[in-house]
Amino acid sequence: MDVDASLFDLFTQEVKIHTASLIQGLLQLEQVPQNTQILKELMRAAHSIKGAARVVQLEEAVQVAHLLEDAFEEALAGRIIIDSERVDQLFKGVDFLVELGKCSLADYANWQDRPRAVDASLMAALQSAKKNLNNRSAPVEPGPTEGSHPEPPLGEAEEPNRADSLEGLGA
């Protein structure tokens, strides 16, 4: 399938914006695990990337974003805890998407021509992150209440200090 250049440009912009949100949100979850507001924002970011990837028919990105979204849904339901081990696993998927966001339209042709298989270790890590390993589940911490001082929205908080994942995002 031929992808319109402007459509592909929009896709890479979406990936850059939403991977920045994913990075920031995952770093926040390490400090405040199971925070409902953060989990919902992470789920929306992954869902947005999944939709954008589907538009340009990049199935590998759809799969990765879907697994990220599933992990956040599991955490929201209280079936898993996004602990530091899971954050590391989820960052593997985010790092994959960050690299994809750096692609040019010419690079995209190479993605389309290669066999449809995301690195097996990446998929295994993401599958593992969404599973309830060792029954590590806990109630989800509610978001801020009226009169409390909520965490700033993902797009407005301080820049995360994760230089390796932010390379190429223009941050």
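Points worth noting:
- The peptide list 16-27, 54-65, put in order of mean Cβ contacts within 10 Å with the highest first, becomes 16-27, 54-65.
- Using Cβ point charges alone (K and R +1, D and E -1), the dipole size of segment 42-106 about the Cα centre works out to roughly 240 debye.
- From most to least packed by mean Cβ count within 10 Å, the peptides 93-99, 103-109, 75-81 give 93-99, 75-81, 103-109.
Throughout, read-outs are computed from the coordinates displayed, never taken from laboratory work. Small disclaimer: the values here were computed from a predicted structure and weren't measured. Cβ atoms come from the backbone with ideal geometry, glycine included; neighbour counts cover every protein chain shown.
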